[in-house]
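The structure appears right after this line, and notes come after that.
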Amino acid sequence: MHKMYTMLLLIAILVNGCQSSTQQENDIRFEANWESLKEYKIPEWFADAKFGIFIHWGVYSVPAYASEWYPRNMYQDSVLWHQTDPEKSKPGTNSVYTHHVETYGHPSEFGYKDFIPMFKAEKFDADQWIHLFKKAGAKYVIPVAEHHDAFAMYKSNVTRWNSVEMGPKRDIVGELQQASKKEGMHFGVSSHFAFNWDYFNKEERFDTWNPEYEDLYGPKHERYAPVSKEFMDLWWRRTTDIIDSYQPEILWFDFYIDRKEFAPYHPKLAAYYYNKGLETGQEVVLQTKNMYFESFPAGSNVLDIERGKLSDIRSAVWQTDTSIGKNSWCHTEGWQSKSANSLIDDLIDIVSKNGTMLLNVGPKADGTIPQDQVNVLLEMGKWLDANGEAIYGTRPWDKFGEGPTIVKQGHHSEGNNKAFTAEDIRFTKKDKILYAITLDVPEDGKVLIRSLANHPKINANTVKSVEFLGEDAVASWNFTGQGLLVETETGLKAENALAIKIEVDTNL
C-alpha cells in the first residue's frame, strides 16, 4: 500500500510538473501583435558578441563582374531601372549588359539560369572557412541563404532552384551550420528573396519571359507594381522553410520586406520565429533595416544599418553590416578590399555606441576566399587577440568617445566618413573597468583623455591601475586639469588602434 501511494504521489508530481512547465511555455509565447512582441529581449550572447561574418556567395559569383547585382543588370539593355523608384530610372545600356553579351551571348540565349551549372563550388570547405572566421575573432556567422536571384543555397522544400538539386549539389547552409557548431560559433542566415519580385527585367526578348523559369525570375507584372499576395505567400513559405529546417540563431532580412505590402507579415514573422526559438531552446535574433518606414517598432527586433553607422549611443543593441569590399559584396575581378586598420577602427566605433559589426566576405565561385580578404581577417584577429577584452562583453560608457572626427549616420553613409586620428578615442566599459581606445597610434606615446577631466567616478582617488593592452610598454599616468594623461617612454608596438585599460574601485 505504501509503495502504491508513493508511486501515485510521484505520478501526480510529474503530471503537475509537466502541466506547470507547459503553462510556463504558453505564458511566454509571443503573439502576432506588437504589444506582445515588444516583450522580446535581445539575447545577452548577441550583445556580447560584437563581431560576425557575413558571406555573399552564390551563382552571381560565377561571372564575378561588377557586383552581386549582375543578375539584374545583365537584363538592362535599354533602361537602367532604379531598385525602388521609377522616377530615378534612366535610359541607356550599362557595362554589365555589354560585358554579358560580349562574353556569354545575348540574355535570350544565355540567361542567368545558365550560370547555375557553372557554379560548382569544387574547393568549398566549410570547416576551413569557419576556422578562418574564428581566427578573425568573429563570434557569429551569417551566410546568404538566398539572394534576390532566388537561388537557394540550402536544401529547399519549396523551390527546385537550390544548391542541393543544382549547381554544387551540396547543402551549403547546412555544411556551414555544422562547421559553426563544431567551432562553438553562433549561426544565422540572411534572406534577400523579397526583392525577387522586382529584381529581373522581364521582357519578351529575354529568357526571363519564358514561363518555364518563372519560379526563378519571378512572376510577370508591371514594374514597381505592389507585391502580390501570391508572391508574399511564396516568400512566407520559403522563409518558414528555412526557419523550420535550420533553426538559425539569427535571421537577417534585406531591405525589400520593409515595403508596406509586407507589413501584415511582420508581426506574424517575428512571432513565428521567436516562438520557434522558445521551442528549440534558442535565444534568437531577428534583424531588419526599417529602411522605408518603421516596419518593426523599436524593441521588437535588432536594427541593422547597411554600410553605415550611428553617430551616438543607442540604448538598444544594433548592427552595422558592411563588406571588406569597397565596391562589392560578392567576389568580382575588380574587388577592392578595405584595410584592416580602417575596419578595426569601424568595429571599435560601432561597439562604443552599443553596436555590433557584421563584416562580409566574398568567396570565389570555386569556394576559395581570396588571399587579400584572408589577410584582412587575420590582421583583425591579431588585434582582437591582444585587445579583445576591450570589445567582447563590454557595454557603452557615459559617452561613446571624443575627438575631432565626425561620423556620418545612416544607411550607405560610410563613403562620407574621414579617416580617424590618434585624437579620436572611443570608450567601452565592463564592471569596474573603463577602456579608452585610440583609433590611431600616437607617435609620441602620449594619450590625453579629455573626457576624464573632473569626472566624479574616475579620478586620482578612484583609479587603481592604468595599462596598455597588448603592449610590453609600461603606462605612466596622472590627472591634469585637461584630463587623464597616459604615456610611455619605451615605445609602442601597436600598428592599429591602442587600447588603454583603466581600473577603478567601483562599478561604472
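When the Cα positions of TYR112, ASN290, LEU132 are compared along the charge dipole of the chain, ASN290 comes out farthest toward the positive end, with charges on each C-beta of Lys, Arg, Asp and Glu. Residues of the stretch 386-418 falling in the label zone of LYS457, defined by backbone nitrogen less than 12 Å from a point 7 Å along Cα to beta-carbon, are 395-399. Extension gain, ARG160 to GLN282, is 41.0 nm, computed as 0.36 nm per intervening residue step minus the present C-alpha separation. Remark: the stretch 405-419, residue by residue, has Karplus-estimated 3J(HN,Hα) of 7, 8, 9, 6, 10, x, 4, 6, 9, 4, x, 8, 8, 8, 5 Hz, where x stands for each Gly or Pro and the curve is 6.51 cos²θ - 1.76 cosθ + 1.60 at θ = phi - 60°. Summarised in one figure, the compactness ratio Rg/Rh of the stretch 167-307, Cα atoms and Kirkwood Rh, is 1.00. Near GLU467, once Lys and Arg are set to +1 and Asp and Glu to -1 for all other residues with Cβ below 12 Å from its Cβ, the sum equals -2. The 3J(HN,Hα) values that the Karplus relation (6.51, -1.76, 1.60; θ = phi - 60°) gives for the stretch 472-489 are, in residue order, 7, 5, 8, 8, 9, 8, 6, 8, 10, x, 9, x, 8, 9, 10, 8, 8, 9 Hz. Gly and Pro appear as x.
By the count of neighbouring beta-carbon atoms within 10 Å, fewest first, VAL101, VAL285 end up ordered VAL101, VAL285. In this structure, SER245 and GLU423 have a Cβ-Cβ separation that, at R0 = 60 Å, corresponds to a calculated FRET efficiency of about 0.75. Between the listed residues TYR435, GLY491, VAL447, the Cα displaced farthest toward the positive end of the dipole of the stretch 431-504, a dipole computed from Cβ unit charges relative to the Cα centre, is found at TYR435.
Summarise the long-distance tail of P(r) for the stretch 430-484 by giving the % of C-alpha pairs beyond 19 Å. The proportion of pairs with Cα distances above 19 Å equals 27 percent. Percent of C-alpha pairs per 5 Å bin in the stretch 404-458, short distances first: 4, 16, 20, 21, 17, 13, 7, 2.
Computed from the Cβ-Cβ distance with R0 of 41 Å, the FRET efficiency linking LYS432 to ASP127 stands at 0.55.
Within the shell defined by Cβ-Cβ distances under 12 Å, the residues around ASN416 carry a net charge of +3, with Lys and Arg each +1 and Asp and Glu each -1. Between GLN371 and LYS326, the FRET efficiency estimated from the beta carbon spacing at R0 = 22 angstrom works out to 0.85. Working note: Cα atoms of the stretch 290-440, range along each principal axis, descending, whole Å: 47, 40, 27. Between the stretch 76-118 and the stretch 156-216, how far is it from one alpha carbon centroid to the other, in angstrom? Distance between centres, Cα-based: 20 Å. A DSSP coil position with no more than 14 other Cβ atoms inside 10 Å describes the following trypsin sites (Lys or Arg not before Pro) in the stretch 430-508: LYS493.
Of the GluC sites (Glu not before Pro) in the stretch 247-324, the ones in a loop by DSSP (not H, G, I, E or B) with at most 12 other beta carbons within 10 Å are GLU294.
Sorted largest first, the spans of the alpha carbon positions of the stretch 359-499 along the three principal axes are 60, 36, 30 Å. Here each label is just a point 7 Å from Cα along the line to Cβ, and for TRP209 and GLU109 those points are 1.7 nm apart. Each principal axis of the Cα atoms in the stretch 66-108 has its own extent, and those three values, largest first, are 31, 20, 16 angstrom. Once Cα extents along the principal axes in Å is calculated for the structure shown, the corresponding label among (1) 73, 52, 44; (2) 104, 75, 37; (3) 85, 77, 42 turns out to be (3). The fraction of Cα-Cα pairs per 5 angstrom bin, counted from 0 for the stretch 104-155, comes to 4, 13, 17, 20, 16, 13, 8, 5, 3, 0 percent, rounded to whole percents. Sorting VAL164, VAL474, VAL141, VAL407 from the fewest to the most surrounding beta carbons within 10 angstrom yields VAL474, VAL164, VAL407, VAL141. Quick check on the stretch 29-70: what does the Kirkwood estimate of hydrodynamic radius come out to from the alpha carbon pairs, in Å? Evaluated over the stretch 29-70, this radius sits at 14.3 Å. For the chain, hydrophobic long helices are taken as DSSP H runs at least 15 Å long by C-alpha position along their axis with mean Kyte-Doolittle hydropathy of -0.5 or more; these are 2-28, 340-352, 371-387.
Coupling constants for the stretch 353-359 follow from the phi torsions by the Karplus curve (6.51 cos²θ - 1.76 cosθ + 1.60, θ = phi - 60°), and in residue order they are 10, 6, x, 10, 10, 10, 9 Hz; glycine and proline get x. Simple point charges give the picture: +1 on the Cβ of Lys and Arg, -1 on the Cβ of Asp and Glu, and for the chain a dipole about the Cα centre of about 800 debye.
Amide H contacts under 5 Å for PHE54: ILE142, LEU359, ASN360, VAL361, restricted to partners 5 or more places along the chain or on a different chain, H placed in the peptide plane at 1.01 Å from N.
Coordinate-derived values only; no laboratory data. This is a predicted model, so every value here is computed, not measured. Don't worry about glycine lacking a Cβ; one is built from the backbone with ideal geometry, like all the others, and counts go over all protein chains shown.
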